[in-house]
1. In whole angstrom, how long is each semi-axis of the equivalent ellipsoid of the stretch 179-310, when you take the square root of 5 times every eigenvalue of its Cα gyration tensor and sort them from largest down?
2. Among 115, 269, what is the fewest-to-most ranking by other Cβ atoms within 10 Å?
3. Quick one: order 127, 173 by neighbouring beta-carbon count within 10 Å, fewest to most.
4. So how far, in whole Å, is the C-alpha centre of the stretch 67-100 from the one of the stretch 121-176?
5. I'm checking a number: the convex hull volume of the Cα atoms of the stretch 232-310, normalised per residue, in Å³. What is it?
6. Using only Cα atoms and rounding to the nearest 10 degrees, what angle (0 to 90) does helix 54-74 make with the longest principal axis of the chain?
7. Could you tell me how many degrees, from 0 to 90 and to the nearest 10, lie between the Cα long axis of helix 133-143 and the main elongation axis, the longest principal axis, of the Cα atoms of the chain?
8. Could you give the semi-axes, largest first, of the ellipsoid that matches the stretch 137-203, computed as the square roots of 5 times the alpha carbon gyration tensor eigenvalues and rounded to whole Å?
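Just so it is clear, none of the values below were taken in a lab; they were calculated from the coordinates. Being a predicted model, the structure only gives us computed values, none of them experimental. Heads up, the Cβs are rebuilt from the backbone with ideal geometry, glycines too, and the neighbour counts pull from every protein chain shown.
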C-alpha cells in the first residue's frame, strides 16, 4: 500500500509555525540552511504580523514542508509520491528529487514577490462549500464582468471550490451562492487572486526564472495539482511550477488519481490539516494524517506499516 507526502498551500499558515515545529536535528538544520540562504533569521519572520506578507507565507510554507519531510525520511519513512497544493508544489518537487532546496527557496521568494506586487489591493479569493461545481460555474459565469472579474481557482473537492478575482466580483458570487444553498461562502485571508488568468504575467516571469534552474528526473512521481496527473519528466515539472500560479488547482483530481493507483496513506506536512481533512472526507477508505497533529513518530510508524503491507 503506497504512501503520499502532501504539502499544503497558502491559507494553511499559522503564527509561529516555524518555531513550533518538532525538535529534530534535520528540522533545525533545514531552518538554519534556509536562514543562511536568505540572509535572515526565519524564526523572526513567522509572527502574525510578518505572515500578512505573501512572500513570508510562501517561504515559511516551503521551509516547514521540506523540513518535516526530510525529518520523516531521516527516520526511515518513505513516500511513493509527492503532491503539493499551490505553492506546496515546490516542496513536493524538492522531496520528489527534481529540484534542489536552495533553488526552490529562491524561486518561491520570487513567486511571492511577483504575486504581492501584481495586485496591491482590491483582489483576493473566496471559498464556497456545499453546492455542486456546475452550479457554481453558472454563478461565476453570470457574475463575471471585465471591470470586476472573478474566476474558479481551486477545485479542492466536489463541493469545495475557491474563486479568485476582484473583491467586488467575489462578494457577488458569494452572496449568490449563499442564496442558492451554499453551506458556507466567505472571503479568504488572501490578498492575491491566485490560480486564474489574472496572474498570467506572473507565470511568464516565473517561467523565465525557472529556465535558469536545473531540474532532474524525480526519484518518485510528482503529482501535478494543475493537471491532476503524475509527472516524471523534469521539463514537465518545470512547466507545471510556472503555470500553476495562473491555472486552477485541481487537487481533487490529483488526489483521486493517486488513490486509484494504490495510495492508501496521505501524510500532510506542517502546518495545519487542510489537505488531511479533504482526504478524509473524499476518501474515507484510506488513512490520512497531519504531521502537525499526529507528530513525526506516529507518521513514521504509519508509513513503515503501510510500506510493510505492500
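1. Calculated on Cα positions only, the semi-axes equal 28, 23, 14 Å.
2. 115, 269
3. Lowest count first: 127, 173.
4. 31
5. 124
6. Here the helix axis deviates by roughly 30 degrees.
7. Taking the Cα atoms of the chain, the angle to 133-143 is about 50 degrees.
8. Each semi-axis is √(5λ); the values are 19, 14, 11 Å.
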